[in-house]
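Structure, as structure tokens:
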Amino acid sequence: MITKKVADVSSALKGVDSGMTFMFGGFGLSGIPENAIAELVRLNINKLTCISNNAGVDDFGLGLLLHQHQIKKMISSYVGENAEFERQMLSGELEVELIPQGTLAERCRAAQAGFPAFYTPAGYGTEVAQGKESREFNGKMHILEYAFDADFAFVKAWKGDTAGNLIFKGTARNFNPNMCGAAKITVAEVEELVPAGELDPNEIHMPGIFIQRIFQGVNYEKRIEQRTVRQRN
Amino acid sequence: MLDKNQIAQRIAKEVRDGYYVNLGIGIPTLVANYVRDDIEVEFQSENGVLGMGPFPFEGEEDADIINAGKQTITTLPGASFFDSAMSFGMIRGQHVDLTILGAMEVSENGDIANWKIPGKMVKGMGGAMDLVASADNIIVAMMHTNRAGASKVLKQCSLPLTGVGCVKKIVTNLAVMEVTNDGFKLLERAPGVTVEAIKQATDGHLIIEGEIPEMSF
């Protein structure tokens, strides 16, 4: 059996360096690789290009990397809720490429699945289409988008086994499965790591072939960005 | 003149039995409160859930179960979770029956602008460009004019576009309009609002045919 298990986060992130391109799973703060982000903060490498749907908040998620000026460029679909992000963007310290959310997901999946590029109608006729090839299919206009090219993908799952198989929970799944195998090295952190054979193969969301390193995560905060509740009556 | 809840209530009448519906942030979110309870509808949130339910009771919030507005939610029987590529596959593949979203501007050929104001902080388009480019049935929920009193129902959008030629229907605080090849066709007026007042508040070409009925809820 092939084992993907590594001892801890520092072995999992072996080889990361300044100037690299990283993918981060998560939507808002849900399903973000908290341990990998904390280790990147500790390593304090910089000039990073980060592909992530959002950019965290001021004191959590990718906001922690922004705070230390480790990020050179963000590729995201939505970057609100982060004052430091705004400051760095407006001062020109931080380069930002905003792309449609479905295009972001598909550019990950294309990299995972071996498609160099694809056509999508999203963004046609808008500034997103500027400088891009366009083409009509079945009477509708589409633009050409390319697969991402990243060095590391950092994903977070609920459960995983030593063979690298992953199971996600709820909407914390989001971009995580699409980023597995979409970079040269995929690092998965999980809330619960079990020996291979313990997870039912029928229940696996992401086969271990897409993952190079897996480790048992620790101290998950799982912060809630917008706590909304209803009253009992 | 309608308030935001009444706009949502009027749009809820457009939701049919068996529909899968994607609701944008703002007024569209309120539509869920007014859907008739004798029809079956599933709400999709593009971050990866179908069958979205109400907010959780206090103490039952789960950081792993949120909607596209990052709010804690619950799920209803029959719900499912999925990844972002599959979520936008549902949208792009036109499996979602109805998309309801807000707008800053709509033009008479169905263009929509709702993501960027030049010179102001740009937060991003999120899933809006994917939604408007692919959905077959798009209803815009918005106020007829902006805070300065200028029309948002225009000949041509002045703000950067989110999508072209995609809006089918608009429900505002003043009127219900259909986007046709010839312009905005006035279908209904809000209670107490005259056709003249709607005309005044509309910059684009407004088509008025016969008696325009008052909205019912």
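State the three equivalent ellipsoid semi-axes of the range B:1-98, derived from the C-alpha gyration tensor as the square roots of 5 times its eigenvalues, in descending order and whole Å.
Values for the range B:1-98, descending: 21, 17, 13 Å.
Of all DSSP beta bridges located in the range B:122-212, what percent are antiparallel, nearest 5?
65 percent
Counting pairs of Cα atoms in the range A:162-210, how many percent are more than 15 Å apart?
Everything past 15 Å amounts to 43 percent.
When only alpha-carbon atoms count, how far does the range A:47-105 stretch along each of its three principal axes, as whole angstroms with the largest first?
Largest to smallest, the principal-axis extents are 29, 20, 18 Å.
In deg cm²/dmol and to the nearest 500, what is the mean residue ellipticity at 222 nm of chain A if only DSSP H runs of at least 4 residues count, each as -39500 (n - 2.57), divided by the residue total?
-5000 deg cm²/dmol
Out of all DSSP beta bridges with both ends in the protein assembly as shown, state the antiparallel percent to the nearest 5.
40 percent
Could I get the Rg over Rh figure for the range B:82-129? Both from C-alpha atoms, Rh via Kirkwood, rounded to two places.
1.04
Counting only heavy atoms of protein chains, what accessible area per residue, in Å², does the protein assembly as shown have with a probe of 1.4 Å?
43 Å²
Give me the extension gain from A:GLU203 to A:GLU136: residue separation times 0.36 nm, minus the current Cα-Cα distance, reported in nm with one decimal.
The A:GLU203-A:GLU136 span can extend by a further 20.2 nm.
For chain A, what relative contact order do you get, as a whole percent, if you take Cα pairs closer than 8 Å and at least 6 residues apart?
23 percent
At each listed q (0.12, 0.19 Å⁻¹), what is the log10 of I(q)/I(0) that the Debye formula gives for the range A:1-145 modelled as equal alpha-carbon point scatterers?
For the range A:1-145 at q = 0.12, 0.19 Å⁻¹, log10 I(q)/I(0) is -0.57, -1.16.
Would you work out the relative contact order for chain B, in percent, from Cα pairs under 8 angstrom that are 6 or more residues apart?
Relative contact order here is 19 percent.
Mind listing the long-range amide H neighbours of B:LEU161? Cut-off is under 5 Å, sequence gap 5 or more, other chains count too, H placed in the peptide plane at 1.01 Å from N.
A:GLU127
Report ³J(HN,Hα) in whole Hz for each residue of the range B:177-187, in order, from the Karplus equation J = 6.51 cos²θ - 1.76 cosθ + 1.60 where θ = phi - 60°; Gly and Pro get x.
10, 10, 8, 10, 4, 9, x, 7, 8, 6, 9
Please give the Cα centre distance for the range B:164-217 versus the range A:78-98, rounded to the nearest Å.
Value for the Cα centre distance between the two parts: 39 Å.
Using only the C-alpha atoms of the range B:4-207, find the volume of their convex hull and express it per residue in Å³.
134 Å³
As a quick test, which of the pairs B:LYS70/B:LYS199; A:LYS73/B:LYS70; A:LYS5/A:LYS73 have an alpha carbon distance above 29 angstrom in this structure?
Cα-Cα > 29 Å for B:LYS70/B:LYS199; A:LYS5/A:LYS73; rest within.
Where does each of B:ASP62, B:ASP37 land when they are ordered by accessible area, with a 1.4 Å probe and the largest first?
B:ASP37, B:ASP62
Per DSSP H run of at least 4 residues, take -39500 (n - 2.57); add these up for chain B, divide by its residues and hand me the 222 nm value, nearest 500 deg cm²/dmol.
It comes out at -4500 deg cm²/dmol, rounded to the nearest 500.
Placing +1 at every Lys and Arg Cβ and -1 at every Asp and Glu Cβ, with all other atoms neutral, what dipole size does chain B have around its Cα centre, in debye to the nearest 20?
So the magnitude is around 860 debye.
Would you kindly calculate the translational diffusion coefficient of the protein assembly as shown, applying Stokes-Einstein with the Kirkwood radius from alpha carbon pairs, for 10 °C and a viscosity of 1.306 mPa s, and quote it in µm² s⁻¹ without decimals?
The diffusion coefficient I find is 69 µm²/s.
Once amide H atoms are built 1.01 Å from N in the peptide plane, which residues 5 or more positions from B:ALA103, or in another chain, come under 5 Å H to H?
HN-HN under 5 Å from B:ALA103: B:ALA141.
Taking a 1.4 Å probe, which of B:VAL21, A:VAL57 shows the most accessible area, and what order do the others take after it?
My answer, sorted largest first, is A:VAL57, B:VAL21.
Work out from phi, with θ = phi - 60° and the Karplus expression 6.51 cos²θ - 1.76 cosθ + 1.60, the ³J(HN,Hα) of each residue of the range B:70-87, listed in order in whole Hz, and give x for Gly and Pro.
Karplus-based 3J(HN,Hα) across the range B:70-87 equals 6, 8, 5, 9, 10, 10, 9, x, x, 6, 8, 10, 7, 7, 5, 5, 5, 4 Hz.
Return, for the Cα atoms of the range A:95-184, the radius of gyration and Dmax in Å, separated by a comma.
Every Cα atom of the range A:95-184 included, Rg and Dmax give 15.3, 49 Å.
The values are calculated or read from the model by the stated rules, or taken from the named source; none is laboratory data. On a predicted model such as this, the values are computed, not experimentally measured, just so you know. No Cβ is skipped: glycine too gets one built from the backbone with ideal geometry, and neighbour counts run over all protein chains shown. Protein only, heavy atoms only, side chains kept; ligands, DNA and RNA dropped before computing areas. Shrake-Rupley method; radii C 1.70, N 1.55, O 1.52, S 1.80 Å.
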